[in-house]
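Participant: A single structure is presented below for examination.
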Amino acid sequence: MSGLFFCSFMSKPLFAANWKMYRSYAQTIEQCKKDLDLLRRLGANATIDVALLPSTDALSAVGQIVAATGIYLGAQDCSAHDLGAYTGQVAAQSLRELGCSFVIIGHSERRAASDTDEIIAQKVGQAFKAGLAPIICIGEPEAVYNLGQTQQFLTKQLQALQSILSAHTTHHFNIAYEPVWAIGSGKTPTPPEISNTISCIRNFLETEIGSSQFRILYGGSVNQKNAGELKNIEPFEGFLVGKASLDIQEFAHIINMIE
Ligand code: 13P
């Protein structure tokens, strides 16, 4: 998308489809081609932002398929480093050159694999440098939720980002609140619980960091059955959807529920 992307997009809700590694390259392309008309309709809706985040191998091809539809492209991760001797990694700069506008950073599946708070902060820095809007995932494990310590846990995750975010207060970013126990489980917090948590996140970002150019999304078991209820999150700024977004018809249904 053009440079205009950064002028107005933060005021609209973002619906981002994290396709993880659910499909192969060929399966991903087939799905996009099959549902291209529907994708065109979603991309044409000027009141929302819609982003597809396929696995890295499919970024270029998906980007070509959705070119000129108004759908944004995003990646699921990027390197913490500048271009250099980093076998197997993908630079944020390359993602931008491939047409990405977004990149997920710090997803709990990456945190579980190897990403520390320090690496995540470095990746956020790389995303900013490349002109990408990161979708930074934070979220508590179930034991922490059960102890009622969600806000303290998230505050620690945000503190680890404080220095990089403070250095880029004019850059756009998204926080995705994804409770680890809600991902892929069919369980979600209630909308009032999510609203409270989001308000705590917003307060930290505004008062401790001085950020204003951000959206806070919810992610974790969003589907077409619960999307209507989850739209009661206050304020509603979007969803990061995993499994239910694989079926573009269902993803469209989730989006329509909140229009
Ligand atoms: P599910 O929607 O499959 O629970 O996944 C959420 C997620 O991890 C999005 O990043």
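Quick note: the coordinates plus some simple rules give every number you see, no bench work behind them. As the structure is a prediction and not an experimental result, all values here were calculated from the model. Neighbour counts run over all protein chains shown; Cβ positions are idealised from the backbone, glycine included.
Participant: Dipole of the chain (Lys/Arg Cβ +1, Asp/Glu Cβ -1, origin at the Cα centre): which of Ala112, Tyr145, Tyr218 lies farthest to the positive side?
Facilitator: Tyr218
Participant: Still on this model: Based on the mean of other Cβ atoms within 10 Å per residue, sort peptides 136-144, 44-52 so the most packed one is first.
Facilitator: Details: 136-144: 20.7, 44-52: 18.2.
Put in order of decreasing packing, that is 136-144, 44-52.
Participant: Arrange the following residues from fewest to most other Cβ atoms within 10 Å of their Cβ: Ser163, Ser55.
Facilitator: Details: Ser163 11, Ser55 18.
Going from least to most buried by this count: Ser163, Ser55.
Participant: For a 21 Å ceiling on Cα separation, which of these pairs sit above it: Lys187/Lys231; Lys33/Lys225; Lys33/Lys187? List each step's numbers first, then the result.
Facilitator: Numbers: Lys187/Lys231 16 Å; Lys33/Lys225 26 Å; Lys33/Lys187 32 Å.
The pairs that break the limit, which is 21 Å between Cα atoms, are Lys33/Lys225; Lys33/Lys187.
Participant: Using only alpha carbon pairs under 8 Å that are at least six residues apart, calculate the relative contact order of the range 131-219 and give it in whole percent.
Facilitator: Answer for the range 131-219 is 40 percent.
Participant: Gaussian network model of the chain, Cα springs within a sub-10 Å range: biggest mean-square fluctuation belongs to which of Val241, Val222, Val66?
Facilitator: Val66
Participant: Continuing with this model, one more query. Among all the lysines, which ones have a C-alpha under 22 Å from Lys123's C-alpha, if same-chain residues fewer than 8 places away are not counted?
Facilitator: Correct list for Lys123: Lys20, Lys156.
Participant: Normalised by the residues of the chain, what does the relative contact order come to in percent, with Cα pairs under 8 Å and at least six apart?
Facilitator: Relative contact order, the chain: 19 percent.
Participant: Additional query: In a GNM of the chain with a 10 Å cut-off on Cα contacts, which of Gln76, Gln149, Gln159 has the highest mean-square fluctuation?
Facilitator: Sorting by GNM fluctuation, first place goes to Gln149.
Participant: Right, next: Test of understanding: in a Gaussian network model of the chain with alpha carbons linked when under 10 Å, which of Tyr177, Tyr218, Tyr86 would top the mean-square fluctuation ranking?
Facilitator: Tyr86
Participant: How many angstrom separate the Cα center of the range 71-85 from the Cα center of the range 151-175?
Facilitator: 19 Å
Participant: For the range 16-145, what is the relative contact order in percent, using Cα pairs closer than 8 Å and at least 6 residues apart in sequence?
Facilitator: Rounded, it is 21 percent for the range 16-145.
Participant: Please list the non-local residues whose amide H lies under 5 Å from the amide H of Leu217, H modeled 1.01 Å from N, same-chain partners needing a gap of 5 or more.
Facilitator: Residues meeting the criterion, in which the H sits 1.01 Å from N, are Ile175, Ala176, Tyr177.
Participant: Give a residue-ordered list of calculated ³J(HN,Hα) values for the range 96-107 (Karplus: 6.51 cos²θ - 1.76 cosθ + 1.60, θ = phi - 60°; whole Hz; x for Gly, Pro).
Facilitator: 5, 5, 6, x, 6, 9, 10, 8, 6, 9, x, 4
Participant: Which loop-located trypsin sites (Lys or Arg not before Pro) does the range 67-121 contain, where loop means any DSSP state but H, G, I, E or B and the Cβ has at most 13 other Cβ atoms within 10 Å?
Facilitator: Within the range 67-121, no trypsin sites (Lys or Arg not before Pro) qualify (loop, at most 13 other Cβ atoms within 10 Å).
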